[in-house]
1. Between Ala50 and Arg18, what FRET efficiency comes out of the Förster formula 1/(1 + (r/R0)^6) with R0 = 41 Å and r the beta carbon distance, rounded to 0.05?
2. Using 1/(1 + (r/R0)^6) with R0 = 22 angstrom and r between the beta carbons of Val82 and Asp32, what's the FRET efficiency to the nearest 0.05?
3. Tabulate in residue order the Karplus-calculated ³J(HN,Hα) for region 45-51, using 6.51 cos²θ - 1.76 cosθ + 1.60 with θ = phi - 60°, rounded to whole Hz; enter x for Gly and Pro.
4. Using Cα-only point scatterers and the Debye equation, what is log10 of I(q)/I(0) for region 1-54 at each q in 0.16, 0.18, 0.19, 0.23 Å⁻¹, rounded to two decimals?
5. For Cα pairs less than 8 Å apart in space and 6+ apart in sequence, what is the mean separation divided by the residue count of the chain, i.e. the relative contact order in percent?
6. Would you calculate, for the chain, the mean residue ellipticity at 222 nm contributed by helices, counting each DSSP H stretch of 4 or more residues as -39,500 (n - 2.57) and dividing by all residues, to the nearest 500?
7. Let's test this: bin the Cα-Cα distances of the chain at 10 Å from zero up to the farthest pair and state each bin's percent.
8. How much length, in nm to one decimal, is gained on full extension between Ala10 and Glu107, taken as 0.36 nm per residue of separation minus their Cα-Cα distance?
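Derivation of every value follows stated rules applied to the coordinates shown; laboratory data play no part. Treat the numbers as computed from the prediction; the structure is a model and nothing was measured. Cβ atoms come from the backbone with ideal geometry, glycine included; neighbour counts cover every protein chain shown.
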Amino acid sequence: YAGLCAEIAAYAAARGIRADIRQSNHEGVLIDEIQAADGVYDGIVINPGAYTHYSYAIYDALLAVRVPAVEVHISDIRRTSVTAPACRGQIVGHGFRGYLEAMELLESIHKEDMK
């Protein structure tokens with residue numbers, strides 16, 4: 001996890017963007033973080049883990065904020081995600097690189113939305 005965080009921080013710094021990293025194993029904490037992002041951040045990269053398959057609460061939280069989100073999974077999830085429909089994209093099976101790809105996608109979404 002520390003290596004992934006370092007990779008994300010270095011990638012963000014090289015692109016001149018800020019990346020604040022949050023992690024929790026508690027659904028309510030994740031929802032609180034999503035809600036706190038509204039009006040503060042330009043995007044959310046989220047790996048909901050096992051919540052991917054059943055958390056309509058995370059799905060609702062993502063829909064409730066005006067912040068585009070991209071769902072990321074390091075490996076193939078092999079099941080339907082209930083949270084992905086609330087996101088602007090989903091990246092699956094690209095390892096740690098998926099997080100960087102999600103940041104790239106959010107950059108392009110932000111640029112498009114600014115037009």
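1. Details: r = 28 Å, r/R0 = 0.69.
Once rounded, the FRET efficiency stands at 0.90.
2. In this case the efficiency is close to 0.70.
3. 9, 10, 10, x, x, 5, 4
4. Here the Debye-derived log intensity ratios amount to -0.56, -0.70, -0.77, -1.03.
5. 23 percent
6. -14500 deg cm²/dmol
7. 14, 49, 34, 3
8. Numbers: separation 97, 0.36 × 97 = 34.92 nm, distance 1.59 nm.
So the chain would gain 33.3 nm between Ala10 and Glu107.
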